[in-house]
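Engineer: Pasting in a structure now, in structure tokens, and then I'll have a few things to ask.
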Amino acid sequence: MSVLARIPIGAALLAAAIPVYAQSTSTQQRYQEPPEAIRRILDAPPAETGSVSPDGNWIVIAASEPAVTTIADMAEPTLYLAGRRFHPLASYRVDTVGIRSMRLRPVSGAAAKPVPVPAGGRIAQYAWSADGRMMAYTVIDRTLTTGIRLYTAASATPITVQAPGMRGKLGMPLWSHDGRYVAVSEATQHGTALWVVNVADHSARRVTPYSVNTVTGGCDWLAQASQLVCLMNLPTRGTPPSEGAAPVGPIVQESYGRAAPVRTTEYLLTTPHDEALFDYYFTNQITLVTPTGGSRNVGAPGIHTRADASPDGKWLLVRTVHRPYSYQVALNDFPERIEVWSLDGHVARVVVDRPLTDDVSSARDAVESGVRVVAWRPDVAATLFTVEALDGGDARQKIAKHDRVSLIAAPFFAAPQTFMDLEMRYRGIDWMSPDLALVNEGLSRTAKLRTWMVNPAAPSSAHVLFDRSSEDRYGEPGRFARVYDFATDRLVPLRAADGHTLYLLGDGASPEGDRPFLDAIDMRTGAKHRIWQNTGTHYEYVAALTDPAARSFVTRSESPAEPPNFFRRDVMAGTATKLTELSDPAPAFAGVTGKMITYTRADGVKLSATMYLPAGYTPAQGRLPFFFWAYPREFMSASAASEIRGSPYQFKRPSIPRDRQLLLLAAGYGVLDGPSMPIVAKDGKESNDSYIEQLVASAKAAIDAIDSLGVSDRNRVGVGGHSYGAFMTANLLAHSTLFRAGVAESGAYNRTLTPFGFQAEPRTYWQAEDVYNTMSPFNYADKLKTPILLIHGMKDDNSGTFPIQSERMYAAIKGNGGTVRYVQLPLEPHPYTSRESVRHVVWETVTWLDKYVKNPTK
């Protein structure tokens with residue numbers, strides 16, 4: 001019998017007695033552990049995962065250790081500057097999560113081969129070579145000595161490379177384009193260095209000093225394996241600037257008549273000392289490094305944030321941040337000069353010198369004026385493409401074309417050549433080959449999305465391939481299947497033998513849930529025909545397609561009772577051969593039942609959710625206390641809001657910390673996971689104009705739905721959410737009596753503190769004052785009498801969710817006599833990370849809900 005099957009329904013399962021909360025108190029408590037039944041699930045190893053090699057011939061099966069980043073790891077010295085959080089020595093944060101075992105399974109069906117891991121060791125990261133014949137992986141043992149292993153897929157014997165002096169943490173291996181070398185960054189207490197492994201003779205050497213600047217970038221290969229481009233700390237930078245003992249004067253910010261609306265952001269520069277630290281830690285030197293350890297500097301030092309090599313390896317696209325800095329926006333919006341450099345450091349062209357970006361309107365589809373996108377075309381040797389607004393950044397302008405895509409080819413002397421003018425906003429280009437590009441344009445205010453098929457050599461031949469609503473999942477055509485082209489070292493679309501047939505892989509969203517598919521599309525006519533689609537009581541999708549005829553491919557299949565496994569499907573024969581035997585990672589969860597339910601809101605909008613019931617539960621045992629975990633989303637149309645998302649046939653186990661709400665099943669609760677909370681634009685108005693009404697109506701419809709199924713006690717329902725879900729929770733408790741208690745994690749509750757927009761709200765506070773005030777639960781703290789648990793990371797790094805939001809919400813509820821508990825998690829950012837914090841949050845949630853939902857006193 002499973003652990004959950006032994007849990008008496010309705011019994012409170014606490015590791016310690018439910019605390020008796022004082023009338024008002026402030027203390028620092030010890031971290032707590034959740035109930036034993038939940039700890040068993042948390043302690044279970046994560047699920048085995050699978051991935052397919054680039055050539056489609058191998059499946060990697062990896063089993064990880066539970067996430068064990070500790071609060072001590074997070075207490076390492078850390079700086080917060082210009083929106084970045086980093087180690088002062090530019091090292092990686094201590095990472096104790098690793099892969100405890102790995103094996104390779106041939107897609108051909110032969111037996112799996114174990115990848116050797118030394119006793120007590122863990123695989124930190126792994127990467128395939130471009131041709132799929134070799135894999136590099138890094139190993140960390142108990143003494144934190146790190147080594148590199150190269151594994152040949154055709155052999156069960158790894159090549160071990162343990163270079164003298166290598167005792168740090170390694171980054172993701174980077175294979176050279178020709179497969180001859182593997183480059184790996186090594187982080188120690190002294191800084192970060194680059195190592196290169198020669199695959200032929202299994203030798204490794206450190207090729208840089210411990211001064212790779214990982215704050216702004218790192219290293220990457222040029223097109224040829226002859227060298228890498230790295231961003232290096234300056235050898236003469238000295239010691240970090242110190243802060244004066246006393247301020248020299250006040251800090252002054254000024255603005256004279258220029259509108260500069262920006263959304264709230266954390267970790268900004270705030271003082272001249274911050275600016276000095278920013279200069280010190282972010283300034284770097286672009287350096288070319290050879291696999292044998294040779295190096296030469298390219299150009300002058302600067303705050304270079306990117307140095308991207310052209311596909312032919314002869315040019316660098318360099319992005320350099322410069323003053324004046326800002327105390328209102330983060331690094332990405334600082335003034336930036338984008339240039340093309342030759343490999344000797346000569347500036348061939350200044351593409352754009354972008355000013356401080358703090359004046360973009362919050363209106364829908366607003367963008368910065370001037371050139372905003374500069375990148376290499378990956379399908380040709382050395383050609384840039386740029387995107388700029390033709391409307392000054394204001395999509396409300398009544399003009400025929402709003403964005404322009406231009407091309408600039410080497411040697412970059414000529415003026416930009418117009419490639420395509422767009423009626424709507426640029427939404428990305430897929431440069432599939434020199435004779436095929438897919439150009440996307442759209443508008444958020446109309447939810448329109450259009451895809452053009454263009455021959456880059458003849459742009460005037462462009463014609464529409466897809467024209468649809470960006471909100472319409474039922475009509476999504478899918479994404480093009482790709483394979484690795486070893487000649488060009490890039491992913492290219494898989495083509496049939498006729499040269500004009502490509503393949504689309506789609507989610508297959510439908511009224512019965514997702515039904516993934518594989519389509520063939522004739523690029524001459526746009527005609528499609530379906531080759532395969534998921535049916536039956538399993539959820540299955542194409543994981544790898546390398547056959548140009550699409551007669552066979554690898555799929556990943558699962559069901560509510562069967563964990564995901566890989567299969568090789570033969571379309572012609574109609575057979576499916578099982579390739580892996582992945583087991584249930586949390587058998588204690590096996591008896592839990594889940595089903596997708598659908599129901600209708602009072603205004604006719606169709607809603608859905610996944611309902612989970614504890615192991616062994618039957619309606620004869622009585623109605624359950626329930627917990628809702630939700631997140632509202634905005635829609636432009638009711639039809640899009642009514643579409644079903646997800647599949648009722650997926651295998652579900654808690655993925656910690658993301659799925660903490662499912663752990664409540666082990667405490668005797670039913671869980672309604674992801675109930676639809678759509679906020680729909682109506683009658684030509686913005687969706688938030690009726691936010692409260694729609695939110696409460698959705699919650700009531702969900703309670704009515706599970707009540708009608710005979711499984712829930714509608715008088716014992718709690719609600720919770722993270723971030724915007726926490727905002728939702730506070731509003732539901734302030735504007736309805738549907739719930740017994742709430743759990744609000746890292747939310748924003750006073751919208752006057754986010755006055756230049758939030759989520760999908762395009763208006764400022766001064767343009768929609770009533771909406772901002774009505775949507776702010778802080779303004780209704782005197783009405784919020786339902787018990788609410790507020791939790792917030794003290795180093796929250798998310799836009800808008802400053803910890804002061806929860807601090808002032810707690811003070812407002814407390815001051816008005818409400819029932820509230822405010823838990824501050826030291827060192828935690830927006831998503832909670834450390835083992836101690838995650839388990840304590842679970843304990844807080846179970847304790848709160850047991851007191852106010854499961855066993856209410858009134």
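Engineer: Determine the distance separating the Cα centre of segment 562-586 from the Cα centre of segment 674-718; give it in Å without decimals.
Structural biologist: Comparing the Cα centres of segment 562-586 and segment 674-718, I get a distance of 38 Å.
Engineer: Still on this structure, please answer the following. So between Glu562 and Ala276, what do we pick up on full extension, going 0.36 nm a residue minus the alpha carbon distance?
Structural biologist: Working: separation 286, 0.36 × 286 = 102.96 nm, distance 5.61 nm.
Separation in residues times 0.36 nm, less the Cα-Cα distance, equals 97.3 nm.
Engineer: While we're on this one: If you take the square roots of the eigenvalues of the alpha-carbon gyration tensor of the chain and sort them as a ≥ b ≥ c, do you get rounded (a/c under 1.5), prolate (a/b over b/c) or oblate?
Structural biologist: The shape class here is rounded.
Engineer: Hey, which aspartates and glutamates would be in cross-link range of Lys700, C-alpha to C-alpha under 18 Å, not counting anything within fewer than 8 residues on its own chain?
Structural biologist: Partners found: Asp603, Asp673, Asp713.
Engineer: Something else now. Give the residue from Thr525, Pro54, Thr488 lying farthest towards the positive end of the charge dipole for the chain; charges sit on Cβ (+1 for Lys and Arg, -1 for Asp and Glu) and the dipole is referred to the Cα centre.
Structural biologist: Farthest along the dipole direction, towards plus: Pro54.
Engineer: Next up: If you average the C-alpha positions of segment 603-640 and of segment 455-507 separately, how far apart do those two centres end up, in angstrom?
Structural biologist: Taking the Cα centre of each part, segment 603-640 and segment 455-507 sit 37 Å apart.
Engineer: Considering only protein heavy atoms and a 1.4 Å probe, what is the carbon-and-sulfur percentage of the accessible area of the chain?
Structural biologist: Carbon and sulfur: 52 percent of the exposed surface of the chain.
Engineer: Give me the 1.4 Å probe accessible area per residue for the chain, excluding ligands and nucleic acids, in Å².
Structural biologist: Ligands and nucleic acids excluded, the figure is 42 Å² per residue.
Engineer: Pull out the extension gain between Gln824 and Gln29, defined as 0.36 nm times the separation in residues minus the alpha carbon to alpha carbon distance; nm, one decimal. Please report the intermediate quantities before stating the final value.
Structural biologist: Numbers: separation 795, 0.36 × 795 = 286.20 nm, distance 1.03 nm.
Roughly 285.2 nm would be gained on extension.
Engineer: Could you check the spin-label model distance between Lys700 and Ala497? Points 7 Å from the Cα along Cα→Cβ, value in nm.
Structural biologist: So the two model labels end up 6.4 nm from each other.
Engineer: Over segment 167-259, what relative contact order in percent results from Cα pairs under 8 Å that are six or more residues apart?
Structural biologist: Numbers: 139 pairs, mean separation 16.7, N = 93.
The value is 18 percent.
Engineer: Another question about this same structure. How much FRET efficiency would the formula 1/(1 + (r/R0)^6) give for Ala400 and Ser637, where r is the Cβ-Cβ distance and R0 is 30 Å, rounded to 0.05? Kindly include the intermediate steps, with their values, before the conclusion.
Structural biologist: Numbers: r = 26 Å, r/R0 = 0.86.
After rounding, the FRET efficiency stands at 0.70.
Engineer: While we're looking at this one, here's another question. Considering only the other residues whose Cβ falls under 13 Å of the Cβ of Pro548, what net charge follows from Lys and Arg at +1 and Asp and Glu at -1?
Structural biologist: 0
Engineer: Lys and Arg at +1, Asp and Glu at -1: add these up for the other residues within a Cβ distance under 11 Å of Ala781 and post the number.
Structural biologist: That sum, taken over residues with Cβ under 11 Å, equals +3.
Engineer: Separate question: Work out the charge dipole of the chain with +1 on the Cβ of Lys and Arg and -1 on the Cβ of Asp and Glu about the Cα centre, then indicate which of Ala366, Thr283, Val719 is farthest towards its positive end.
Structural biologist: Of the listed residues, the answer is Val719.
Engineer: Using a Cα-Cα cut-off of under 24 Å, which lysines could be cross-linked to Lys814, ignoring same-chain neighbours fewer than 8 residues away?
Structural biologist: Lys783, Lys785, Lys795, Lys851, Lys854, Lys858
Engineer: Between Arg85 and Trp532, with labels modelled 7 Å along Cα→Cβ, what's the label distance in nm to one decimal, could you check?
Structural biologist: 4.2
Engineer: So if each residue of separation counts as 0.36 nm, and I subtract the Cα-Cα distance between Glu36 and Arg808, what length gain in nm does that give?
Structural biologist: 274.5 nm is the gain from fully extending Glu36 to Arg808.
Engineer: Further question on the same structure: Please say if segment 687-730 is rounded, prolate or oblate, where rounded means a/c under 1.5 for a ≥ b ≥ c the square roots of the C-alpha gyration tensor eigenvalues, and otherwise the choice is prolate for a/b larger than b/c and oblate otherwise? Provide the component values of the computation, followed by the final result.
Structural biologist: Numbers: a/c = 3.26, a/b = 1.62, b/c = 2.02.
Oblate is the answer for segment 687-730, as a/c is 1.5 or above yet b/c matches or exceeds a/b.
Engineer: Follow-up. Can you give me the C-alpha center-to-center distance between segment 395-446 and segment 758-780, rounded to a whole angstrom?
Structural biologist: 34
Engineer: Taking the Cβ of Pro831 as the center, what net charge do the other residues with Cβ under 13 Å away carry, scoring Lys and Arg +1 and Asp and Glu -1?
Structural biologist: -1
Engineer: For the pair Asp707 and Lys785, what calculated FRET efficiency results from E = 1/(1 + (r/R0)^6), where r is the Cβ-Cβ distance and R0 = 30 Å, to the nearest 0.05? Each step should come with its number before you reach the end.
Structural biologist: Working: r = 23 Å, r/R0 = 0.76.
In this case the efficiency is close to 0.85.
Engineer: If each DSSP helix of 4+ residues adds -39,500 (n - 2.57) and the sum is divided by the residues in the chain, what number results at 222 nm, nearest 500 deg cm²/dmol? Please list the in-between numbers first.
Structural biologist: Numbers: 9 runs with 92 residues, N = 858.
The helix contribution divided over the chain gives -3000 deg cm²/dmol.
Engineer: Okay, next question. On the full set of protein chains, 1.4 Å probe, figure out the accessible area of Ile804 and give it in Å² to the nearest 10.
Structural biologist: Estimated to the nearest 10 Å², Ile804 gives 80 Å².
Engineer: Using a cut-off of under 14 Å, list every residue of segment 494-510 whose amide N is near the label point 7 Å from the Cα of Thr525 along the Cα-to-beta-carbon line.
Structural biologist: Only 500-502 pass the distance filter.
Engineer: What's the magnitude of the charge dipole for the chain around its Cα centre, counting Lys and Arg as +1 and Asp and Glu as -1 at the beta-carbon? Answer in Debye, nearest 20.
Structural biologist: Roughly 1520 debye for the chain.
The values are calculated or read from the model by the stated rules, or taken from the named source; none is laboratory data. Computed from a predicted model, the values in this text were never measured in an experiment. With ideal geometry, Cβ positions are generated from the backbone for all residues, glycine too; neighbour counts draw on all protein chains shown. When the accessible area is computed, the model is the full protein with side chains, heavy atoms only, and any ligands, DNA or RNA have been set aside. Shrake-Rupley method; radii C 1.70, N 1.55, O 1.52, S 1.80 Å.
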